[in-house]
1. Among the residues of the range 101-110, is any in contact with a Gly (Cβ under 9 Å, 6 or more places away or on another chain) and touching a residue at least 24 places away in the same chain (Cβ under 8 Å)?
2. Mind listing whichever residues of the range 198-226 are farther than 18 Å from D102 by Cα, at pLDDT 85 or above, of a type in the set (A, V, I, L, M) and open to solvent by less than 50 Å² (accessible area, probe 1.4 Å)?
3. Quick one: in the range 148-173, which of the residues that are of a type in the set (G, A, S) and assigned to a strand (DSSP E or B) is nearest to T201 (Cα to Cα)?
4. Which one of these does V195 not meet: (1) closer than 30 Å to E280 by Cβ; (2) open to solvent by 10 Å² or more (accessible area, probe 1.4 Å)?
5. Test each condition in (1) open to solvent by 30 Å² or more (accessible area, probe 1.4 Å); (2) without any contact (Cβ under 8 Å) to a residue 40 or more places away in the chain; (3) over 30 Å from K55 (Cβ atoms); (4) under 17 Å from the mean Cα position of the chain (by Cα) for F130 and report the one that comes out false.
6. Pick from E78, E121: which is acidic (D, E) and either within 30 Å of V45 (Cα to Cα) or out of contact with any strand residue (DSSP E or B) (no Cβ under 7 Å at 6 or more places or on another chain) (or both)?
7. Hey, among the residues in the range 304-340 that are without any contact (Cβ under 8 Å) to a residue 12 or more places away in the chain and part of a strand (DSSP E or B), which one's farthest from R185 (Cα to Cα)?
8. Select the helices (runs of 4 or more DSSP H) contained entirely in the range 7-124, then report the ones holding at least 3 residues which are under 20 Å from H169 (Cβ atoms) and open to solvent by 80 Å² or more (accessible area, probe 1.4 Å).
Amino acid sequence: MFDRLDQIEARYEDLGKQLSDPTLVNDQKKFQATAKQHRDLEPVVEKFREYRSLKTAIGDAKAMLAETDADLRAMAQEELAELEPRLEPVEEALKVLLLPKDPNDEKNVVLELRAGTGGDEAALFVSEVFRMYLRFAEQHRWKVEILSQTESGIGHGLKDVTAIIEGDHVYSQLKYESGVHRVQRVPATETQGRVHTSAITVAVLPEAEEVDIKIEAKDLRIDTFCSSGPGGQSVNTTYSAIRITHLPTNTVVSCQDEKSQIKNREKAMRVLRSRLYEVEAERIHQLQAKERKQQVGSGDRSDKIRTYNFPQNRLTDHRIGLTNHQLAMVMEGMLQPTVDALIAHDTAERLKAESTAA
């Protein structure tokens, strides 16, 4: 591990020298790429230097224990009592920083929510969970752009909604949300006060760039149709809505959010690329899962991952056995403690896998 850390520090120093070269500024693309590499290595290097400083200070204190002066020995004992407990946490933090990073963590995401079992109640829950994610996005100052949504026709329910969320490390925070979300509560239409169970599915797809997925024009069928729902005079009068079908996989994407057909096509292609990227990523994941334990972030939408029990004000994440009795706050977007717990669990599993492999 420490040989690798020495190499990372050397690389960090080299990148720093490159950034101080005035000629590099003339090539903005290369400058930004170099700055990003330097920035990515900084947390590892800083933690490594902290570890090395602690090791040196502990070594010096241990050397003082051999002194004949009783005061010096007492001082050394005090220093060791302070320094040694700090060493192991720093070493563990280094191990976490050295874990292979998910290449998608920095990407924007395509978020898709669909009503499942439960009819109108499921549609209402789609709109509430989507609102929860909107509030969570506001806390992180992410930009949310709705691509399409289908209203249920009752209240403010949504049969489905698709949006793109853009910002800093969006996928790293939301990737554990994919799966079946179950809700237990008394619907507004229930006259006898019985608790009903409904479910929705959530998909979080890392947004794929054109370089990630190559799509041939011959593989696409593009249809236009009139937009429906709110949108002003252009609704139901112009063929601005777009439906794209990827023929080899029969993947269908629609977008009608914009009045411009060109803009709707661009957005639909963003979603299509992300869906095809996920299909390929899942294929690779299944191959890898045969060789190592499947982790919490598999994103399998057939798995029930979470239950929202309103009568008991309780949220339960079934993957890690987490229970939170502040469901009302979670629905207002206070999702960070749950996300942090999922990240911590996944990190612990990865560390365990790494140590077993070593």
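The values are calculated or read from the model by the stated rules, or taken from the named source; none is laboratory data. Just so it is clear, the structure is predicted and the values come from calculations on it, not from any experiment. As a convention, Cβ positions derive from the backbone with ideal geometry for all residues, glycine included, and neighbour counts pool all protein chains shown. Keep in mind that these areas ignore ligands, DNA and RNA; they rest on the heavy atoms of the full protein, side chains included. Shrake-Rupley method; radii C 1.70, N 1.55, O 1.52, S 1.80 Å.
1. Keep residues of the range 101-110 that are in contact with a Gly (Cβ under 9 Å, 6 or more places away or on another chain), which gives 102, 108.
Restricting the remaining residues to those that are touching a residue at least 24 places away in the same chain (Cβ under 8 Å) gives 102, 108.
Yes, the range 101-110 contains at least one residue that is in contact with a Gly (Cβ under 9 Å, 6 or more places away or on another chain) and touching a residue at least 24 places away in the same chain (Cβ under 8 Å).
2. Correct list: A199, I200, V202, L220.
3. So the first thing to find is which residues in the range 148-173 are of a type in the set (G, A, S), and the list is 148, 152-153, 155, 157, 163, 167, 172.
Now restrict to residues that are assigned to a strand (DSSP E or B): 148, 163.
Values: S148: 16, A163: 14 Å.
Selected residue: A163.
4. (1)
5. (1)
6. Values: E121 fails: either within 30 Å of V45 (Cα to Cα) or out of contact with any strand residue (DSSP E or B) (no Cβ under 7 Å at 6 or more places or on another chain) (or both).
Just one listed residue meets the conditions, E78.
7. Here the residue is T323.
8. Working: elements: 22-25, 28-64, 70-97.
Helices (runs of 4 or more DSSP H) meeting the threshold: 28-64.
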